[in-house]
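K.L.:
Below is a structure I'd like to ask you about.
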């Protein structure tokens, strides 16, 4: 009877440990998220054009690119920016990292 209880208790602790590890490592292997850089959504019209600019990093040592809103606007042929988003992709704890600025406008 005590042995059955200990086996069940060990199984519960193992499951709890796996759940804790899943929460801690969430998004560490691969993550791709996007969020807005604006807070006034009720009066935002995106426009007809989209432009993107990127910065990238590899092995936490090398980084390159132009992730500014000006570069993104030039990429999309935009002269008036109505809205902007940030998009981030992370692979293997940041071994590869990419940040994209996305602008919308006309």
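What follows is calculated from the coordinates using simple rules that are stated; it is not laboratory data. The model shown is predicted, which means the values in this text are computed figures rather than measured ones. Cβ sites come from the backbone with ideal geometry, for glycine too, and all protein chains shown count toward neighbours.
K.L.:
Any idea what angle helix 2-24 forms with the longest principal axis of the chain, computed on alpha-carbon atoms, 0 to 90 degrees, nearest 10?
P.N.:
Once rounded, the angle reads 10 degrees.
K.L.:
Then there is this: Return the label of the correct value of P(r) over Cα pairs in 5 Å bins from 0, in percent, as calculated from the structure shown, out of (1) 2, 11, 17, 18, 13, 11, 10, 8, 7, 3, 1, 0; (2) 2, 11, 17, 18, 16, 12, 8, 6, 4, 3, 2, 1, 0; (3) 2, 12, 14, 14, 12, 10, 9, 6, 5, 5, 4, 3, 2, 1, 0, 0.
P.N.:
It is the value labelled (3).
K.L.:
Rounded to the nearest 0.05, what FRET efficiency is calculated for residue 92 and residue 70 with R0 set to 35 Å and r the Cβ-Cβ distance?
P.N.:
With a Förster radius of 35 Å, E is 0.65.
K.L.:
Multiply the residue gap between residue 106 and residue 18 by 0.36 nm, knock off their C-alpha separation, and tell me the result in nm, one decimal place.
P.N.:
Net length gain for the segment: 26.8 nm.
K.L.:
Would you work out the relative contact order for the range 29-105, in percent, from Cα pairs under 8 angstrom that are 6 or more residues apart?
P.N.:
Averaging sequence separation for qualifying contacts and normalising by length gives 44 percent for the range 29-105.
K.L.:
Once every DSSP H run of n ≥ 4 in the chain is given -39500 (n - 2.57) and the sum is divided by its residues, what mean residue ellipticity at 222 nm do you get, rounded to the nearest 500 deg cm²/dmol?
P.N.:
Rounded to the nearest 500, it is -9500 deg cm²/dmol.
K.L.:
Extension gain residue 55-residue 38, at 0.36 nm per residue separation less the Cα-Cα distance, in nm?
P.N.:
That works out to 4.1 nm of additional length.
K.L.:
How far, in nm, would the chain grow between residue 46 and residue 31 when pulled straight, counting 0.36 nm per residue and subtracting the alpha carbon separation?
P.N.:
2.8 nm
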